[in-house]
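Encoded as structure tokens, the structure appears first; notes follow it.
Every number in this text was worked out from the coordinates using simple rules, so none of it is lab data. What you see is a predicted model; the values in this text were computed from it and never measured. So basically every Cβ, Gly included, is an ideal-geometry build from the backbone, and we count neighbours across all protein chains shown.
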Amino acid sequence: MKTPAKMSSLSGLLPLYFPRALAGLDDRLRAHWLVRGAAPGDITVVRRRTLPEAGLLMFELRRGAGSLVVKHPRNEAGAGVTAREREVLQELAADSRLAPWRPLLPRAVGSPGPAGTLAQNTLPGVPAERLILDTPDDPYAVVAPAMRLLAELWAATGRRRAAADRAEVWCEAQLTALSAGMPRYRSGRRAADFEALRHRLDAALAGAVLTEGWTHGDYHPGNVLLGGVPLRVTGVFDWSSGRADGPCEIDAYSFVLALRSTLTGRPLGGLVAETLRAGRVPDADRALLALAGLDPDRDVADPVAIPLLSWLWHVANNVRKSPRFGHSYGWLTHTVAPVLDECARWAGARSLQPRRHARSKGMTMPANTGFSARHEAAGKGGTHDSRQRPPSGDRPPHPGTGLPHQSAPRTAAVVRVRVLHARAVLHRTGRRPRLRSVLRFVARTGCAARRVAGSVAPATHTRP
């Protein structure tokens, strides 16, 4: 008999893509059941490409000259999405600063229906994603109007704000949702990778100043409608991730990132990991971001701050909308793992920087940075406190490794970096037979690293 834990593990092997024939039949039957008495031609079901998206049944209901878009939740996560979107639509309608763009925004119609069903008015236009696929050689004609709209919204509702002052909402809330939605990253090595993501965000956003204002949160070509000649934005929908006090820059970068993924067929995780590895936004993306007046290097110490924050909001919104994302091996492998691996590589390299700098200057680093100032003063002729840790030369070898105490922490750090590097190389190349010797080394030294790290004596160790 399968236990719940085993069933959850097996469910991660199921594809995210849902059989279209069965999905279409089920959606049509459920839509007609919700709107009993409607003629067959009055309902048009919006097909959902993936199973997580099927958590919401969406269809267009036509009555006379008007029409509505109806979103009906199938599960608890879908009910949370419709409830949140209703709140955001009410906030949009009440904000007087958005009066010039009111025709572009959807309006909630009526009160919540069964199980939290949301009805809103229909917006005209064609999704930008469809136009991009029809004209892949000239994406600027489609991107320019979407970017100009963002620039106008930022000018009307945005203000500059230190990212550190908004870290609780912009980062911590997203990290909490992401951790809760990905059980595999709560313990073991993956938990360390997730902690590396947290440190990478802290370092990237340290001293950064971003624009706080109305943020869509999921601004990609599939949620933007275009029409007219020349092309202009005729509607923006799916505001379930919107906030009146979000980081505005992530909308522009999310749109450009989704555009690159659509044109190249590559997952978002790999694209963001490449940007983190290079340490700057690609020039092609900078040209598109400039259409919205966004310079990714402005008021940030680290140029990857906006790409990393945009990716965080994207994956956190996905696991909020459907728990299937966090259990899908495919989604975790292609969208989450590359970024976390790159953050782990960055954390490992950063841990060795002080020692490399010291060796280049001909200095000797202490074995443990936890030494107190009084102990350092004792080495310069000050009063020695017998309760402090004795010099490494007077102590026996480390019991776990047989190495002198001074070299044990350094050995652990070097092993950790080699392990992270081998994992990154394996993930990028996939050449398992040629890396067999490297993996054997990792299997041996990985255990040694844990043994060294777990048995290094603390700073308050007394003479045996």
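Return P(r) of region 51-116 (all Cα-Cα pairs; 5 Å bins starting at 0; whole %; ordered from short to long distances).
3, 15, 22, 22, 18, 13, 5, 0
Working from the alpha-carbon coordinates of region 37-164, get Rg over Rh, Rh being the Kirkwood radius. Could the numbers behind the result be given before it?
Working: Rg = 17.4 Å, Rh = 17.2 Å.
Computed over Cα atoms, the ratio is 1.01.
Report the relative contact order of region 168-277, percent, no decimals, based on alpha-carbon pairs under 8 angstrom and at least 6 residues apart.
23 percent
For region 79-139, just the Cα set please: Rg and Dmax, both in angstrom.
Cα only, region 79-139: 15.2, 45 Å (Rg, Dmax).
In nm, give the distance between the simple-model label positions of R102 and R277, each being 7 Å from the Cα along the Cα-to-Cβ direction.
5.1 nm
What is the distance, in nm, between label points placed 7 Å from the Cα along the Cα-to-Cβ direction at R30 and at A290?
Placing both labels 7 Å beyond Cα along the Cβ direction yields 4.7 nm.
Assuming R0 = 30 Å, can you tell me the calculated FRET efficiency for the pair R47 and V229, based on Cβ-Cβ distance, to the nearest 0.05? Spell out each step's value before the answer.
Working: r = 28 Å, r/R0 = 0.94.
My answer for the efficiency is 0.60.
Which cross-chain or sequence-distant (5 or more) residues have an amide H under 5 Å from the amide H of T122, H modelled 1.01 Å from N in plane?
Correct list: S67, V69.
Can you give the Rg to Rh ratio for region 167-289, taking only C-alpha atoms and Rh from Kirkwood?
0.99
Express the relative contact order of region 51-138 as a whole percentage, based on alpha carbon pairs under 8 Å and six or more residues apart in sequence.
26 percent
Distance in nm between label sites at R62 and D134, each 7 Å beyond Cα in the beta-carbon direction?
The two pseudo-label positions are separated by 1.9 nm.
With N denoting the number of residues in region 144-202, provide Rg(C-alpha) divided by 2.2 N^0.38 Å, to two decimal places.
1.58
Short version: what are the Cα gyration tensor semi-axes of region 230-339, square root of 5 times each eigenvalue, largest first, in whole Å?
That gives 22, 19, 14 Å for the three semi-axes.
Which one, Q174, A206, L231, is farthest towards the positive end of the dipole of region 157-311 when Lys and Arg carry +1 and Asp and Glu -1 on their Cβ?
Q174
Going by amide H atoms built from the backbone, whose H comes under 5 Å of the H on A208, apart from near neighbours?
A163, A164, A301
With no solvent and one equal point scatterer per Cα, compute the Debye intensity ratio I(q)/I(0) for region 88-229 at 0.12, 0.17, 0.20 Å⁻¹ and report its log10, rounded to two decimals.
After summing over all Cα pairs, the log10 values are -0.77, -1.17, -1.20.
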